[in-house]
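Read through the structure below, which is laid out as structure tokens, and then see the notes.
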Amino acid sequence: MLFGTVRGAKPSLRLSNIVKTFALVSLIAVAGCASKDQTSDLDFEEAPAELLYNQGLALRAEGNLKEAERKFSELDRVYPYSEYARKSLINIAYLNYTMRRYPETVSAAKRFVSLYPGHEDSAYALFLIGQSYFAQIPDIGRDQKAAAQAMGAMQEVIQRYPDSEYATEARKKIRIAQDQLAGKEMEVGRYYLKRKNYLASINRFKVVVTNYQTTRHVEEALFRLTESYYALGVINEAQTAAAVLGHNFPQSQWYRDSYSLLQKGGYEPEENKRSWISKAFGAIAGS
């Protein structure tokens, strides 16, 4: 089951894979017979793993997520490396995510991947890690470490499980994270440009053009490169930035602004194939 692209959307735990040996009806029936009072009469060390696991599932089904997470955690502690511990661990990650306890989600999911790297639910665990980082992405004016972490986690989902049901959604999340990271670079670049620190601004816009060409920020980045290089008197690079912008986005307002800026000095957009700007776009296009 794929999840929505809206930040904060809660992924559903796949019952078919994670709790496939227990139907929900029988689960609740077992839970009725094995209530909390029954477990209170037994030490966790004495209670069967299956009983604890069924109780955890029943609590989860009732919406008592905190108690369900506690039950699964106790089972994982008392019966480590068992089949029920494996099932409990992925439940722990899911429940923490549902409760928006993102550091705890990441910790449990990473442990699952470490202990069971070849298991089919490792793809889900990795996706939960990415979702947890993604949910913590702040507004563009703040540090974007979470965006970088989210992108890295989603890339790992695609690399390790390209055919999983989570790969398509991971690609969407990567594009959103890239746009966020590019936006941050643009914000800092504009800051330097406004203060006429042109070399610093060029370095920021270069990151966008080199690493985030598929984002909505690349058109403005090329214009800002035209602007920065023109202000420095490096006309050939300004012309190249404008030419590349015009070639790839001929209808863009940013191109019209670049063209007007160059014409003020009597110049036209002209691409220098040896420029890093030309090579950056050529590498992406395969030329």
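The residues of the range 152-192 that are in a helix (DSSP H, G or I), touching a residue at least 60 places away in the same chain (Cβ under 8 Å) and surrounded by fewer than 21 Cβ atoms within 10 Å (Cβ to Cβ), listed by number, are 168, 172, 176. Filtered by the rule that a residue be in contact (Cβ under 8 Å) with a residue 12 or more places away in the chain and either part of a loop (DSSP other than H, G, I, E, B) or open to solvent by 50 Å² or more (accessible area, probe 1.4 Å) (or both), the range 85-102 gives 99, 100. A single entry from 149, 144 fulfils the requirement of being open to solvent by 50 Å² or more (accessible area, probe 1.4 Å) and either of a type in the set (S, T, N, Q) or over 27 Å from residue 181 (Cβ atoms) (or both): 149. If I ask for residues that are at pLDDT 95 or above, under 26 Å from residue 172 (Cβ atoms) and either open to solvent by 60 Å² or more (accessible area, probe 1.4 Å) or charged (D, E, K, R) (or both), which ones from the range 103-120 would you list? Within the range 103-120, 103, 104, 107, 110 qualify. Please tell me if residue 220 is open to solvent by 50 Å² or more (accessible area, probe 1.4 Å), at pLDDT 95 or above and either under 27 Å from residue 181 (Cα atoms) or within 35 Å of the chain's Cα centre (by Cα) (or both). In short, no. Only residues that are among the charged types (D, E, K, R), part of a helix (DSSP H, G or I) and free of Cβ contacts under 8 Å to residues at least 40 places away in the same chain were counted across the range 193-206, and they come to 2. You will find that of 213, 239, 253, the residue that is buried (at least 22 other Cβ atoms within 10 Å of the Cβ) and of a type outside the set (A, V, I, L, M) is 239 and no other. Considering only residues in the range 256-284 that are assigned to a loop (DSSP other than H, G, I, E, B) and not acidic (Asp, Glu), the one that is most open to solvent (accessible area, probe 1.4 Å) turns out to be 274.
The values are calculated or read from the model by the stated rules, or taken from the named source; none is laboratory data. Note that the coordinates shown come from a computational prediction; the quantities given were computed from them, not determined experimentally. Backbone-built Cβ (ideal geometry, glycine too); neighbour counts: all protein chains shown. Note: areas computed on protein heavy atoms with side chains; ligands, DNA, RNA excluded. Shrake-Rupley method; radii C 1.70, N 1.55, O 1.52, S 1.80 Å.
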